[in-house]
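Input: a single structure, listed below in C-alpha cells.
The values are calculated or read from the model by the stated rules, or taken from the named source; none is laboratory data. Here the structure is a predicted model, which is why all the values come from computation and not from measurement. Note that each Cβ is placed from the backbone with ideal geometry, even for glycine, and that neighbours are counted across all protein chains shown. The accessibility values were calculated without ligands, DNA or RNA, using every heavy atom of the protein model including side chains. Shrake-Rupley method; radii C 1.70, N 1.55, O 1.52, S 1.80 Å.
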Amino acid sequence: MDLNMEQLHSPDLWAEAWEYSRKNSPHEARKIRTEKESMQFWDKIAPEYGGMSKKGPNGRVEQITGFLTQEGLLNSQARILDVGSGPGTFAFPFAPLANEVIAVDGSEEMCSILNQKAQEKGLQNVKAYQRLWKDVDIEKEGWTRAFDLVFASMTPAINGREALEKMIQASRGHCCLVISTGAGKSLTRQALWKRFFQEDLQVNKDNFLHIFNLLSGIGYLPSIRYCQTSWAREQPSGKAVDALCRSFWMYMDITPEVKKTISAFVEEKTENGLFKEEIKSSLAVITWSCRD
C-alpha cells in the first residue's frame, strides 16, 4: 500500500486500521457468543474478578494510579468517569484521591458488587451504573464535558472511534485509556488455544499505536507510558478447570471432550492439589488533554 504523508495523518486511516486489526484478532474472529451471552460471562466471573490482578507496589493498578497521580489527574477536586469499571478495580483506589467516581459497566453483577463494596467501605463518592457504553447517551445523561478524567482500562467497551470519541465528549479535562501492547502472555491460555484451534494466540500488538495515531490525527497530543507486571497465580485444580472452561466458552462449546482436555492439561501442571501459572502483562497507558 502506497501512502503519502497526508494520508498518514488522516484519522480515518487509523480508525480503519484499528477496526481491521480488532475484527481479525483471534479473540474477536473466534468469538461465538452474542453480546447478551458475553454479559452473562462477565456476570459469572464478577465475584472473583477483582482478585485476578497482582496487588502490591508493582501491580498494574498501583502503577497506573501512580502515573495519574504524578500527572495531577487524580486530586481532591476531580470528578472521574470509569468506563468498563468491573467490580471497582480502579474505582476504589481512585476514590480516596478524587472528589467523585462514577463507574459504568455492562455487567449487572459487576455493578452490584461495586455498589455493595462501596457501602461496606463507607465510600459516599463512588457509584456504579449498569450501562453498555455503546448505549450511553452522553447528552441525555448530562455527562457532556462533565468529568475531569474519563478513564477506561482493558475494556471491550472501547472498541473503535465512536467509543473513543464518546470518552472525549464526556471530558472537560483529560482522558486515559489503558490497552495491551500485545507483549504480555498467559502460557496456559496460549497452550490450550493452540491445542484447540491449531493456531498461535496472537494478541494485537499494534492497536495502541493505531489509537495513538488516531488521536494525533484528530488533533490531540497523546502521551504513552508503559506498565509491566509479572506474577504467579495458584488455585485448586478444580477451580482452575472451571475458570478455563468459562474462558474458552466464549469461543467454543464446552463439550465433555473439551472439558476432559482442559482437565488433563491442568492435571499435568498441578502439584499438591494446586495449579500454578505465570502471567505477564504489558500495557500502554495513553493519556491526553481534551481542553480547548
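Tabulated results
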{"read-out": "Test: residue in the range 200-219 that is over 19 Å from G182 (Cα atoms) and without any contact (Cβ under 8 Å) to a residue 60 or more places away in the chain", "value": "yes"}
{"read-out": "Residue ID - least open to solvent (accessible area, probe 1.4 Å), chosen from residues in the range 65-80 that are out of contact with any strand residue (DSSP E or B) (no Cβ under 6 Å at 6 or more places or on another chain) and part of a helix (DSSP H, G or I)", "value": "L68"}
{"read-out": "Breaking point among (1) free of Cβ contacts under 8 Å to residues at least 24 places away in the same chain; (2) open to solvent by 60 Å² or more (accessible area, probe 1.4 Å), for R161", "value": "(1)"}
{"read-out": "Checking V61 against (1) β-branched (V, I, T); (2) in a helix (DSSP H, G or I); (3) within 23 Å of A163 (Cβ to Cβ); (4) at pLDDT 95 or above, the condition it does not meet", "value": "(4)"}
{"read-out": "Of the criteria (1) at pLDDT below 95; (2) open to solvent by less than 40 Å² (accessible area, probe 1.4 Å); (3) out of contact with any Ser or Thr (no Cβ under 9 Å at 6 or more places or on another chain), which one S237 fails", "value": "(3)"}
{"read-out": "Single unsatisfied condition, C175 versus (1) in contact (Cβ under 8 Å) with a residue 40 or more places away in the chain; (2) surrounded by fewer than 20 Cβ atoms within 10 Å (Cβ to Cβ); (3) not in a helix (DSSP H, G or I)", "value": "(2)"}
{"read-out": "Cross-chain or 6+ apart pairs with Cβ under 6 Å, the range 115-134 first and closer than 15 Å to W42 by Cβ, then surrounded by fewer than 16 Cβ atoms within 10 Å (Cβ to Cβ)", "value": "Q130/E108"}
{"read-out": "The range 187-234 - residue that is surrounded by fewer than 18 Cβ atoms within 10 Å (Cβ to Cβ) and polar (S, T, N, Q) and, of those, nearest to S247 (Cα to Cα)", "value": "Q190"}
{"read-out": "Every residue from the range 242-251 that is open to solvent by 50 Å² or more (accessible area, probe 1.4 Å) and part of a helix (DSSP H, G or I)", "value": "D242, R246"}
{"read-out": "Conditions (1) in contact (Cβ under 8 Å) with a residue 12 or more places away in the chain; (2) among the polar types (S, T, N, Q); (3) over 16 Å from S85 (Cβ atoms): number failed by S153", "value": "(3)"}
{"read-out": "Residue check, K239 farther than 19 Å from K31 by Cα and outside any helix (DSSP H, G or I)", "value": "no"}
{"read-out": "Residue check, L177 at pLDDT 95 or above and touching a His at 6+ places or on another chain (Cβ under 6 Å)", "value": "no"}
{"read-out": "Pick from the range 252-292, criterion in a helix (DSSP H, G or I) and touching a residue at least 40 places away in the same chain (Cβ under 8 Å), ranking: most open to solvent (accessible area, probe 1.4 Å)", "value": "T261"}
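Yes/no matrix, rows are residues, columns are (1) buried (at least 21 other Cβ atoms within 10 Å of the Cβ); (2) in a loop (DSSP other than H, G, I, E, B):
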{"position": "M110", "(1), (2)": "yes, no"}
{"position": "L114", "(1), (2)": "yes, no"}
{"position": "Q119", "(1), (2)": "no, no"}
{"position": "L123", "(1), (2)": "no, yes"}
{"position": "Y129", "(1), (2)": "no, no"}
{"position": "R145", "(1), (2)": "no, yes"}
{"position": "F151", "(1), (2)": "yes, no"}
{"position": "P156", "(1), (2)": "no, yes"}
